[in-house]
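Below is one structure; the comments refer to it alone.
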Amino acid sequence: MPAAPEVRATVAPAAPRDLSAPQRALRKLGLARDIDLALHLPMRYEDETRLDRLTDAHDGDVVQVQGTVTDCRVEYRPRRQLVARLVDDEGEAVVLRFLNFYGSQQKAYAAGKRLRVRGELRGGFLGREMVHPRVVPADAPLPHALTPVYSTSAQLPQAYLRKAIVSALARVSLHEVLPPAVVPPGLPSLREAVTFLHHPPPGTTLATLDDRSHPAWQRLKFDELLAQQLSQQAAQQERAKLRAPALSATRGGLHERFLAALPFALTPAQHRVAEEIAADLARGQPMHRLLQGDVGSGKTVVAALAAAIAIDAGWQCALMAPTEILAEQHWHKLVQWLQPLGVQVAWLTGSRKGRERRKHLAAVESGRAGLVIGTHAVIQHDVVFARLGLAIVDEQHRFGVAQRLALREKFVEQDRPSPAMGRGGLGAGVMPSAGHGAQPHLLMMSATPIPRTLAMTYYADLAVSTIDELPPGRTPVVTKLFAEDKRDAVIARIRDEVAAGKQVYWVCPLVEESEALELRDATATHQQLSAALPGRMVGLLHGRMSGAEKAAVMSLFTDGTMQVMVATTVIEVGVDVPNASLMVIEHAERFGLAQLHQLRGRVGRGAVASVCVLLYTPPLSTAAKDRLRAMAETTDGFEIARRDLAIRGPGEFMGARQSGEALLRFADLVADGALIDVARSAAGRLLREQPQAAMAQVERWLASRSDYARA
Ligand code: ADP
Ligand code: MG
């Protein structure tokens, strides 16, 4: 949830009930205001400005020709259709087919009529033909500009949208809000750019429009990036005004006693990031920091240190994890670490109900519990913190976009006037600060590093700490790729591993949208392995099990009673069993790269040499090949993230698919890196020197997209 940059601007008014269907469809696409329509730019263009000659055209070409109808009739074989024959002025003929048609069309296309038709030419049995060409009378004037094609929805016909845009363009004021010095040289005015892109004159090179390198596109991208940078930097300035409890670490305090009791010494990298965090906590402003470090780099200890500082200063700390299994692991570990030092740890998960839950809730509410661990149940509305000073979110990228927004909103719910301070801004841009109390500090943790361009654009006001080394004594995991037909050899390998006293994970394939199928496969594999490994304990862990059942299986595996664990992807995050030395991932081609890397991180946690076997089923798509190759070639999480970004592109990388909304409409984080730099420094200058212009720019671009970059 890094840095949800808040866009503080008016939200489009709710749609009145008496709108027509296309009007409602417009609203749904976020096209409520004239400016939104003006900025809804074409996806591509069609050239209808000239007429083609059939003699010059090839099959497969989209052409526009005109001529005279020589014949028009309804045919019944192979199915009912209207068939007309059109002969152009040079005597070349083309057959027009209409599979669905009205009686009126039969009249309009009668023999002798002069028509202009546009469509794709195909070689047919009776010569060339066009299926469902677009038809207008031959004397209609030719358009003067390329015809824009807009992205739209089923309820919104292209023609309706075009008209709506033309009339919006006539009304809208596209006056420059930016001082000329801010706009990079050589770019047209906004009005020129927008007008040009909606109606490029004939003769415009389509290539520069398609690849968006044309100066008109550059201007639009610049303005978009600038608006986004402005809203980010404004949010950052707002946040700088907020207050948080100053949590300073004291000599000989809880965190030092904790460090002294740890069975290992911190790595230099852990030391460094712990100090960065401690410095933030000691300031009276809310920390907003991402702690990134590869799988197994030891983020939990760092989180515990931060918690110790907060608790010692008399505040509460909440630690949230995306799954119950992970929450439980944290609970065990932190109870083990902190309870002996006198800290009471509460535990809240969705599956904890009744008296037990009430007991923990009471400990949170009274402030007796210094540390509260759980899933997002930690921020449900019945949870009231006495004095929340620090919120830590583990594996933050694992929380879905919707969940991230919910987390954030639930924290806002706690924003109520009370002498205590159960309030805060989780992943928030700017929380309403009603002038009382303060915000908690926020620490997010992730094993999926954010590439630089993304960090610059979306997380501008997020401080980042990076653990760039693993604890000593780890042997890198060796990754091997095997096709599914080597399954028996893999099972033999498991037998050896188990005989040597090691433990094994077998991860079953992801079955898209079918938990039932997923379970069936996992059960079958469980049976197969149980049969192949007589006398050994093979367990099964899947998503349909209750929290208690999962916990029971996990603890058998953790204490070494169980040698092999077959699991669906529920084990994905954070599970820590150092004696596990082999991981098999079945149908590895179905997993995402980040997910594979996370899974692989479950082994290689101790000093034993570990192996990760990726079983795949050919044929592989290009992207799947790229993913598997990346896994075999590197164990570096940062390199994996770079490759992932390259394979998937930024939108998908960020989960925009999930939210159904592109992050940026025009600019591309990878291709437009240079423009991002320009926009970023321009934003800083504009905010300082002409805040009015800055606000006008944000209003123009982001007003109807208030969720623009929040998640
Ligand atoms: P992650 O960053 O993936 O969350 P963890 O915090 O789970 O990693 O740490 C992985 C393992 O490494 C744990 O067993 C943890 O106790 C251990 N560990 C962490 N820091 C050190 C260290 N400095 N030296 C040795 N072991 C460490
Ligand atoms: Mg972890």
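Largest first and in whole Å, give the semi-axes of the range 590-630's equivalent ellipsoid, each being the square root of 5 times a Cα gyration tensor eigenvalue.
After diagonalising the Cα gyration tensor, the semi-axes are 23, 11, 7 Å.
State the three equivalent ellipsoid semi-axes of the range 54-142, derived from the C-alpha gyration tensor as the square roots of 5 times its eigenvalues, in descending order and whole Å.
Each semi-axis is √(5λ); the values are 18, 16, 11 Å.
Rank the residues THR204, THR70 as a footprinting-exposure proxy: fewest other Cβ atoms within 10 Å of their Cβ go first.
Working: THR204 19, THR70 12.
In order of increasing Cβ crowding within 10 Å: THR70, THR204.
Taking the alpha-carbon centroid of each part, what is the distance from the range 128-192 to the range 309-377 in angstrom?
Here the answer is 57 Å between Cα centres.
Rank the residues CYS508, CYS612 as a footprinting-exposure proxy: fewest other Cβ atoms within 10 Å of their Cβ go first.
Values: CYS508 25, CYS612 28.
Ascending number of Cβ neighbours within 10 Å: CYS508, CYS612.
What is the spin-label model distance, in nm, from LEU262 to SER366 if the labels are put 7 Å beyond Cα along the C-beta direction?
3.2
What FRET efficiency, computed as 1/(1 + (r/R0)^6) with R0 = 25 Å and r the Cβ-Cβ distance, is obtained for ALA674 and ARG272, rounded to the nearest 0.05?
After rounding to 0.05, the efficiency reads 0.20.
If you plug each phi of the range 62-74 into the Karplus form 6.51 cos²θ - 1.76 cosθ + 1.60 with θ = phi - 60°, what whole-Hz ³J(HN,Hα) values come out, in order, with x for Gly and Pro?
For the range 62-74, the Karplus curve yields 8, 10, 10, 10, 9, x, 10, 6, 9, 6, 8, 8, 8 Hz.
Among rounded, prolate and oblate, which fits the range 463-546 when a ≥ b ≥ c are the square roots of the eigenvalues of its C-alpha gyration tensor, a/c under 1.5 means rounded, and a/b larger than b/c means prolate?
oblate
Once amide H atoms are built 1.01 Å from N in the peptide plane, which residues 5 or more positions from LEU290, or in another chain, come under 5 Å H to H?
Those lying under 5 Å, H to H, from LEU290 are MET444, ALA463, VAL464, SER465.
Would you kindly derive the ³J(HN,Hα) couplings of the range 335-344 from the backbone phi angles with the Karplus curve 6.51 cos²θ - 1.76 cosθ + 1.60 (θ = phi - 60°), listing them in order in whole Hz, with x for Gly and Pro?
4, 4, 7, 9, 4, x, 8, x, 8, 8
State whether the range 176-282 is rounded, prolate or oblate according to the following rule on the C-alpha gyration tensor (a ≥ b ≥ c being the square roots of its eigenvalues): a/c under 1.5 gives rounded; otherwise a/b larger than b/c gives prolate, and the remaining case gives oblate.
Because a/c hits 1.5 or more and a/b exceeds b/c, the range 176-282 counts as prolate.
Report D for the range 243-293 in µm² per second (integer): Stokes-Einstein, Kirkwood Rh on Cα pairs, 4 °C, 1.567 mPa s.
The calculation lands on 107 µm²/s.
How much length, in nm to one decimal, is gained on full extension between ASN579 and ARG487, taken as 0.36 nm per residue of separation minus their Cα-Cα distance?
Between ASN579 and ARG487, full extension yields an extra 30.8 nm.
Compute the length gained on full extension between ALA532 and THR70: take 0.36 nm times their separation in residues and subtract their Cα-Cα distance, giving the result in nm to one decimal.
Additional length available on full extension: 158.7 nm.
Just grab the label-to-label distance for ALA207 and ALA607, each label 7 Å out from Cα along the Cβ direction, in nm (one decimal).
6.2
Taking the Cα centre of each part, how many Å lie between the range 57-90 and the range 252-284?
Going from one Cα centre to the other spans 79 Å.
Given a Förster distance of 60 Å, report the FRET efficiency between ASP496 and ALA154 from their Cβ-Cβ distance, rounded to the nearest 0.05. Please list the in-between numbers first.
Working: r = 57 Å, r/R0 = 0.96.
About 0.55, to the nearest 0.05.
Straight-line reach from LYS480: which lysines fall under 27 Å, measuring Cα to Cα and dropping same-chain residues less than 8 apart?
Of all the lysines, those that pass the test against LYS480 - Cα under 27 Å, at least 8 places apart if same chain - are LYS502, LYS625.
Give me PHE125, PHE264, PHE258, PHE101 ranked fewest to most by other Cβ atoms within 10 Å of their Cβ, as a rough exposure proxy.
PHE125, PHE264, PHE101, PHE258
Using amide H atoms built in the peptide plane, which far-off residues or other-chain residues are under 5 Å from VAL566 H to H?
Those qualifying (amide H under 5 Å, at least 5 residues apart or on another chain) are TRP506, GLY539, LEU540, LEU541.
Quick one: grab the alpha carbon gyration tensor of the range 83-133, order the square roots of its eigenvalues as a ≥ b ≥ c, and give me rounded if a/c is under 1.5, else prolate or oblate depending on whether a/b is larger than b/c.
oblate
What is the calculated FRET efficiency for ARG685 to THR634, with r their C-beta to C-beta distance and R₀ = 45 Å, to the nearest 0.05?
Given R0 = 45 Å and the Cβ-Cβ separation, E is 0.65.
If the cut-off is a Cα-Cα distance under 16 Å, which aspartates and glutamates reach LYS353, setting aside same-chain residues fewer than 8 apart in sequence?
Leaving aside aspartates and glutamates fewer than 8 places away in the same chain, those within reach of LYS353 are GLU324, GLU328, ASP382, GLU549.
Once you place label points 7 Å from the Cα toward the Cβ at ARG80 and ASP59, how far apart are they in nm?
The answer from the label model is 3.0 nm.
Determine, for each peptide in 303-311, 594-602, 279-287, the mean count of other beta carbons within 10 angstrom over its residues, then list the peptides with the highest first.
Packing order, densest peptide first, comes out as 303-311, 594-602, 279-287.
Throughout, read-outs are computed from the coordinates displayed, never taken from laboratory work. Just so you know, these numbers come straight off a predicted model, no measurement behind them. Heads up, the Cβs are rebuilt from the backbone with ideal geometry, glycines too, and the neighbour counts pull from every protein chain shown.
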